[in-house]
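Written below as structure tokens is the structure these notes are about.
Just so it is clear, none of the values below were taken in a lab; they were calculated from the coordinates. Here the structure is a predicted model, which is why all the values come from computation and not from measurement. Ideal geometry is used to build each Cβ from the backbone, glycine not excepted, and the neighbour counts take in all protein chains shown.
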């Protein structure tokens, strides 16, 4: 299959459905309506924000890849600016066709346009993705992990109990119950 020309552009709110499909976040019924509305709102917010972009790659009017770009300091205590890339995704059938390269070229071009010398990449931990970035010369700078607040609170409580011998366990449980009651009152 000959390679088709890849068009790179900023995402717009009307791209919400295609981007949700690309990210495999399409559901049914009420959840899909809410996901689309959230995505449309997020894309509109990005369009209005000069330091954030969602860039898409199109082939034959179909979105086949995207990347999120943000501009901020390289670390919280180092003011040198960087373009941070994240959520690079390309449809499986378009991988190894230059789509990810084109999206990263857009990130580098934006960095150069803004006189920024550093680009970072947050990856999903996938081995192929990490190897792709390593081949491009990006080195490990930090690891990013994710958890829901409830699950993390539970683990922290368990760990604290284990480390302190349970001396604060009752206090932690009381505080957690109070937080839960406040949330229920606020939402009801």
Next on the checklist: At a threshold of 8 angstrom on Cα-Cα distance, excluding pairs fewer than six apart, so keeping six or more, what relative contact order does the stretch 54-188 reach in percent?
Outcome noted: 16 percent
Item to check | Relative contact order for the stretch 59-102, counting Cα pairs under 8 Å that sit 6 or more residues apart, in percent | outcome: 39 percent
Checklist outcome for this item: Dividing the helical contributions, -39500 (n - 2.57) per DSSP H run of n ≥ 4, by the residues of the chain yields a 222 nm value, nearest 500 deg cm²/dmol, of -15000 deg cm²/dmol
Next on the checklist: For the stretch 28-93, report the % of Cα-Cα distances exceeding 15 Å.
Outcome noted: 66 percent
Checklist outcome for this item: Note on the stretch 1-130: alpha-carbon gyration tensor, axes a ≥ b ≥ c; rule is a/c under 1.5 for rounded, else prolate if a/b larger than b/c, else oblate; result oblate
Checklist entry - For all pairs of alpha-carbon atoms in the stretch 45-188, what percent lies in each bin of width 5 Å, listed from the first bin to the last filled one? => result 2, 8, 13, 15, 13, 10, 9, 10, 9, 7, 3, 1, 0
Item to check | Computed E for residue 33/residue 185 - FRET, C-beta separation, R0 30 angstrom, nearest 0.05 | outcome: 0.60
